[in-house]
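So the structure is just underneath, and the comments pick up after that.
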Amino acid sequence: MGYKVGIVCYPTYGGSGAVASELALALTRRGHTVHIFSFALPFRLQMRDLSPVSFHKVEAPEYPLFKSYPPYLLSLVAKIAEISQAAKLDIIHVHYAVPFTLAATLAVEMLDNPRPRVLTTLHGTDVTLVGQDPSFYDVVRFSIEKSHGLTAVSDYLVRETQSIFHPSKPVQRIYNFVDTRRFRREKSVPFLKSIRKEGYKILIHVSNFRLVKRVCDTIQVFANVREKVKCRLVLIGEGPEYPLAKRMAAELKLDSQVHFLGFQMEVESFLSGADVLLMPSEEESFCVAALEALSCGVPVIATNVGGLPEVVAHGECGFLTTIKNISEQTAFTLELLRNESLWMKMSENARARAVSLFDVSKIIPQYEKAYHSLLNHHPED
Ligand code: GMT
């Protein structure tokens with residue numbers, strides 16, 4: 001029998017919303033019923049067949065008293081409680097603790113038995129940054145303690161959660177996943193094909209252009225590499241650092257060689273035409289973009305921070321360097337682009353790693369098991 005699952009997530013461009021959306025679709029394919037709660041349709045669900053999932057848009061009411069602060073949390077609690085009762089949900093699975101864990105646990109408290117169980121998947125900055133803000137720490141710790149189950153997307157994040165919040169219950173590591181049948185080296189967009197035809201190698205970066213992604217390092221590495229190898233840089237995504245990145249490309253007189261392509265719905269069509277993914281992040285609990293690149297057979301040059309070493313095996317399917325180490329990132333990129341047999345080997349390894357460790361078919365059963373154990377073991381909580 002399938003579970004009835006409510007998924008709470010951010011709709012905006014980022015890994016947690018992407019993972020939550022792909023999880024929702026994968027669960028419905030396996031016979032579960034899924035309800036999504038968010039303030040907008042998550043970006044990964046746009047232009048996809050939505051018929052298998054029910055989407056519940058959460059809107060905060062307008063009222064002069066609220067001025068710039070409409071009570072979104074209250075609306076979310078009310079919506080989760082209402083739908084949980086009507087649809088008899090078994091599980092509320094929140095993606096990102098702040099403030100969703102609190103919302104879900106409050107909503108559940110409002111209901112009569114049998115109440116849904118709350119599973120929190122911790123994604124990254126909900127633990128390492130936002131959750132540690134002194135004004136948030138106690139309330140985040142309280143809500144994490146109230147959540148019936150906890151998962152984190154890498155061993156690194158499990159350790160961070162334990163050392164920062166000391167939860168009394170275990171934190172299970174469930175890695176992020178990729179649909180390796182969709183993300184494969186097959187269907188590159190014509191734009192990239194034509195650049196390749198002219199003999200250029202393609203460097204790519206995919207992110208939400210937040211400060212932690214260090215997009216400007218990507219541009220600096222590209223500037224160095226292009227002096228030695230004919231190449232182009234493709235940047236997918238948008239965010240706070242976008243204007244700075246554009247300015248830097250202009251100042252280095254690289255405007256015509258750095259392609260800012262903004263958000264793209266079918267990121268696999270861009271990844272699968274690239275030679276190397278550059279991911280010089282300062283902080284990364286996992287990095288979905290790196291995994292999706294590996295799945296497309298694209299070796300990754302990244303930093304050895306957070307959970308990245310669990311995704312990218314150094315020397316096997318890419319290279320890892322220390323943060324801000326532009327010269328090493330440049331050297332590794334050149335090594336890959338100049339050595340065809342090394343690139344081929346790493347590309348094959350990348351694909352094999354994604355398929356064997358992170359394919360959707362390997363990870364979804366781990367979530368199903370977590371749901372099963374939450375519903376079947378009710379310790380005093
Ligand atoms: O925690 C965040 O910064 C937000 C989150 C997101 O929505 O993009 O990113 C985190 O979750 C992703 C999905 O699990 C991970 O792949 C990212 O590495 C992680 N970001 C950070 O840790 C900075």
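The values are calculated or read from the model by the stated rules, or taken from the named source; none is laboratory data. Quantities reported herein were computed from a predicted structural model and do not represent experimental measurements. Positions of Cβ are generated from backbone atoms using ideal geometry, with glycine treated the same way; all protein chains shown enter the neighbour counts. For accessibility, only protein heavy atoms count, side chains too; no ligands or nucleic acids. Shrake-Rupley method; radii C 1.70, N 1.55, O 1.52, S 1.80 Å.
Projected onto their three principal axes, the Cα atoms of the range 56-192 cover extents of 52, 39, 35 Å, largest first.
Centre-to-centre, using Cα atoms only, the range 250-275 and the range 348-381 are separated by 33 Å. Between helix 360-376 and the chain there is an angle of about 20 degrees, using the helix long axis and the longest principal axis of the Cα atoms. When the charge dipole of the range 127-200 is built from unit charges on Cβ atoms (+1 for Lys and Arg, -1 for Asp and Glu) and taken about the Cα centre, the candidate among VAL158, ASN176, ILE195 whose Cα reaches farthest toward its positive end is ILE195.
Give, rounded to the nearest 20 debye, the magnitude of the charge dipole that the range 1-132 has about its Cα centre when Lys and Arg contribute +1 at Cβ and Asp and Glu contribute -1 at Cβ.
On the way: 11 positive and 9 negative charges, 56 e Å.
Value, rounded to 20: 260 debye.
Average accessible surface for the range 195-261: 46 Å² per residue, computed with a 1.4 Å probe over protein heavy atoms with every protein chain in place. Each principal axis of the Cα cloud of the chain was taken in turn, and the coordinate range along them, longest first, works out to 67, 47, 41 Å.
Leaving out ligands, DNA and RNA, and with a 1.4 Å probe, what % of the accessible surface on the range 115-209 is carbon or sulfur? Heavy-atom surface of the range 115-209 belonging to carbon and sulfur, 1.4 Å probe: 51 percent.
Label separation (LEU254 vs PHE66): 4.4 nm, computed from points 7 Å beyond Cα along the C-beta direction.
Relative contact order, percent, of the range 214-314 when contacts are C-alpha pairs under 8 Å separated by at least 6 residues?
Values: 122 pairs, mean separation 24.4, N = 101.
Relative contact order for the range 214-314 comes out at 24 percent.
Our summary gives the chain a relative contact order of 14 percent, counting only alpha carbon pairs under 8 angstrom and 6 or more residues apart.
Counted over all Cα-Cα pairs of the range 209-353, pairs farther apart than 26 Å make up 15 percent. In this rough spin-label picture, where each label sits 7 Å from Cα along the Cβ direction, the ASP112-GLN366 distance is 3.9 nm.
Note down the magnitude of the dipole of the chain about its Cα centre, charges +1 on Lys and Arg C-beta and -1 on Asp and Glu C-beta and zero elsewhere, to the nearest 20 debye. Don't skip to the answer; put the middle values down first.
Values: 42 positive and 40 negative charges, 211 e Å.
So the magnitude is around 1020 debye.
Nonpolar atom fraction for the range 223-381, defined as the carbon and sulfur part of the 1.4 Å probe accessible area, stands at 52 percent.
Projected label points at PHE39 and GLU266, each 7 Å from Cα along the beta carbon direction, are separated by 3.2 nanometres. Remark: C-alpha extents of the range 297-381 on the principal axes read 57, 27, 12 Å, sorted largest to smallest.
Solvent exposure of the range 284-381 amounts to 40 Å² per residue of accessible area, where only protein heavy atoms count and the probe is 1.4 Å. The slack in the chain from MET1 to ASP133, taken as 0.36 nm per residue of separation less the alpha-carbon distance, amounts to 43.4 nm.
When only Cα pairs below 8 angstrom with a gap of at least 6 residues are kept, the range 238-373 shows a relative contact order of 20 percent.
Grab the eigenvalues of the alpha-carbon gyration tensor for the range 201-291, scale each by 5, take roots, and send me the semi-axes largest first in whole angstrom. Numbers along the way, then the final one.
Details: eigenvalues 67, 48, 32 Å².
Over the Cα atoms of the range 201-291, the semi-axes work out to 18, 15, 13 Å.
Farthest toward the positive end of the dipole of the range 249-381, out of ALA354, TRP343, ALA249, is the Cα of TRP343, where the dipole comes from beta carbon charges about the Cα centre. Accessible area per residue for the range 111-151, computed on protein heavy atoms with a 1.4 Å probe, is 45 Å². Would you kindly calculate the translational diffusion coefficient of the range 1-123, applying Stokes-Einstein with the Kirkwood radius from alpha carbon pairs, for 10 °C and a viscosity of 1.306 mPa s, and quote it in µm² s⁻¹ without decimals? My calculation gives 110 µm²/s for D.
Remark on the range 160-235: Rg and Dmax equal 19.0, 58 Å (Cα only).
If each residue of separation counts as 0.36 nm, what is the full-extension length gain between SER54 and THR12 once their alpha-carbon separation is subtracted?
Details: separation 42, 0.36 × 42 = 15.12 nm, distance 1.82 nm.
Residue separation times 0.36 nm, minus the Cα-Cα distance, leaves 13.3 nm.
For PHE37, the residues whose amide H sits under 5 Å from its own are ILE7, VAL8, CYS9, HIS56, ignoring neighbours fewer than 5 places away on the same chain, with H placed 1.01 Å from N.
Using 0.36 nm per residue, how much length does the chain from VAL189 to GLU145 gain when fully extended, once their Cα-Cα distance is taken away? Show your work: numbers first, answer last.
Details: separation 44, 0.36 × 44 = 15.84 nm, distance 4.64 nm.
Additional length available on full extension: 11.2 nm.
Each of PRO240, GLY318, VAL34 was placed along the dipole of the chain (beta-carbon charges, centred on the mean Cα), and the one lying farthest toward the positive end is GLY318. About the centre of its Cα atoms, the range 311-381 shows a dipole size close to 240 debye [charges on the beta carbon of Lys, Arg (+1) and Asp, Glu (-1) only; nearest 20 debye].
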